[in-house]
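One structure is given here, and the rest of the page talks about it.
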Amino acid sequence: MTPILTAKNLVKTYTQTQGFFSRTKHTIHALDDVSITIERGKTMAVVGESGSGKSTLAKSLIKLIDIDEGVIQFNGENINQIGAKALKATRKNIQMVFQDPYASLNPRMRIHNILEEPLLIHAIGTTSTRRDKIRAMIVKVGLSPEDLTKYPHEFSGGQRQRIGIARALILNPELIICDEPVSALDVSVQAQIIQLLKSLQKELGLTYLFITHDLRIVRHIADTVFVMKQGKLIEEGKTDIIFKNPQSAYTKELLASIPGNNKKKGNK
């Protein structure tokens, strides 16, 4: 299958200054020679603990941050070398669903305006066609056209994340980067959002890059898993193989940390 996105030998470092008098400089390797390939129509999960570099990887793929070294190709085009106009067109095809559904929606805007904003930025459609597209999209994510006149504070966390998903989909992107999209939600709501993402992927032929620290979710949504630790790729492979036969000690630790995965030991 043809990859939709490839990233080769990505490097991103930050310099952190420590100490009051000595001012010691410490280099943090957020991405340390990382390479990935995302297959079209599939879901790749990037997993790791906080500070592993997974969010840095996600942001670098749409140039929210600039990498120090490496090549990123989307649909065969090197996005490190394209101009502002071409980058805008590329970003139309790569959208993000953010972690916090409370912070990612403008509290002063009605839902209609939140969903219309990307269409206006990219000069898509007329007032009438945008309205029709927005009404169809809000229904597609499980809400109603009447919700379009409301403000974000009138919705639950799960409903807000549905709105975030609608905003990401309104431009008909090919690749969706989901950055911890359910970590702020209750477990029962998490399952509903995961099911929504899966059904939308099947209906629209979407490709997902799913960033998470929670391997319980990975098992239900991902085709392949990419394990990161301290900016490095530790292990990668098909999800069922990673779960059944992890190769690295770090991956084994992550799997063992899943609630219910440890065998009960005798009472002390």
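The values are calculated or read from the model by the stated rules, or taken from the named source; none is laboratory data. Every value quoted in this text rests on a predicted model; they were computed, and no experiment measured them. Note that we place each Cβ from the backbone using ideal geometry, even for glycine, and neighbour counts take in every protein chain shown.
Conditions first: (1) loosely packed, with under 14 Cβ neighbours inside 10 Å; (2) at pLDDT 90 or above; (3) of a type in the set (S, T, N, Q). ASN267 passes all but one, so which condition is the exception?
(2)
Right, ILE62: touching a residue at least 60 places away in the same chain (Cβ under 8 Å), buried (at least 16 other Cβ atoms within 10 Å of the Cβ), touching a helix residue (DSSP H, G or I) at 6+ places or on another chain (Cβ under 8 Å) and over 24 Å from LEU255 (Cβ atoms) or not? Full working, then the answer.
Numbers: touching a residue at least 60 places away in the same chain (Cβ under 8 Å): yes; buried (at least 16 other Cβ atoms within 10 Å of the Cβ): yes; touching a helix residue (DSSP H, G or I) at 6+ places or on another chain (Cβ under 8 Å): yes; over 24 Å from LEU255 (Cβ atoms): yes.
Considered against the rule, which asks whether it is touching a residue at least 60 places away in the same chain (Cβ under 8 Å), buried (at least 16 other Cβ atoms within 10 Å of the Cβ), touching a helix residue (DSSP H, G or I) at 6+ places or on another chain (Cβ under 8 Å) and over 24 Å from LEU255 (Cβ atoms), ILE62 comes out as yes.
One line per residue, one yes/no per condition, for (1) within 17 Å of ARG162 (Cβ to Cβ); (2) of a type in the set (Ser, Thr, Tyr):
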site: LEU197; (1), (2): yes, no
site: GLN201; (1), (2): yes, no
site: LEU209; (1), (2): no, no
site: THR212; (1), (2): no, yes
site: LEU215; (1), (2): no, no
site: ASP223; (1), (2): no, no
site: MET228; (1), (2): no, no
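In region 160-181, how many residues are among the aliphatic types (A, V, I, L, M), within 15 Å of the chain's Cα centre (by Cα) and either closer than 27 Å to THR6 by Cβ or surrounded by fewer than 16 Cβ atoms within 10 Å (Cβ to Cβ) (or both)?
6
If we scan region 256-266, do we find a residue that is touching a helix residue (DSSP H, G or I) at 6+ places or on another chain (Cβ under 9 Å) and outside any loop (DSSP other than H, G, I, E, B)?
no
Within region 76-96, can you find the residues that are touching a Leu at 6+ places or on another chain (Cβ under 8 Å) and in contact (Cβ under 8 Å) with a residue 24 or more places away in the chain?
Of everything in region 76-96, those that are touching a Leu at 6+ places or on another chain (Cβ under 8 Å) and in contact (Cβ under 8 Å) with a residue 24 or more places away in the chain turn out to be LYS92, ASN93, ILE94, GLN95.
Checking LYS244 against (1) surrounded by fewer than 22 Cβ atoms within 10 Å (Cβ to Cβ); (2) over 16 Å from the mean Cα position of the chain (by Cα); (3) touching a residue at least 40 places away in the same chain (Cβ under 8 Å), which single condition isn't satisfied?
Of everything listed in (1) surrounded by fewer than 22 Cβ atoms within 10 Å (Cβ to Cβ); (2) over 16 Å from the mean Cα position of the chain (by Cα); (3) touching a residue at least 40 places away in the same chain (Cβ under 8 Å), LYS244 misses just condition (3).
Does THR224 meet the test of being surrounded by 14 or more Cβ atoms within 10 Å (Cβ to Cβ), touching a Ser or Thr at 6+ places or on another chain (Cβ under 9 Å), β-branched (Val, Ile, Thr) and closer than 16 Å to ALA58 by Cβ? Can you show your working first?
Working: surrounded by 14 or more Cβ atoms within 10 Å (Cβ to Cβ): yes; touching a Ser or Thr at 6+ places or on another chain (Cβ under 9 Å): yes; β-branched (Val, Ile, Thr): yes; closer than 16 Å to ALA58 by Cβ: yes.
Criteria met by THR224.
Among the candidates GLY76, GLY83, which residue alone is of a type outside the set (D, E, K, R) and on the phi > 0 side of the Ramachandran plot? Even if it seems obvious, please write down each step before you answer.
Working: GLY83 fails: on the phi > 0 side of the Ramachandran plot.
When all the criteria are applied, what remains is GLY76.
Of all helices (runs of 4 or more DSSP H) completely enclosed by region 158-244, which ones contain at least 2 residues that are at pLDDT 95 or above and touching a helix residue (DSSP H, G or I) at 6+ places or on another chain (Cβ under 9 Å)?
In region 158-244, the matching helices (runs of 4 or more DSSP H) lie at 187-204.
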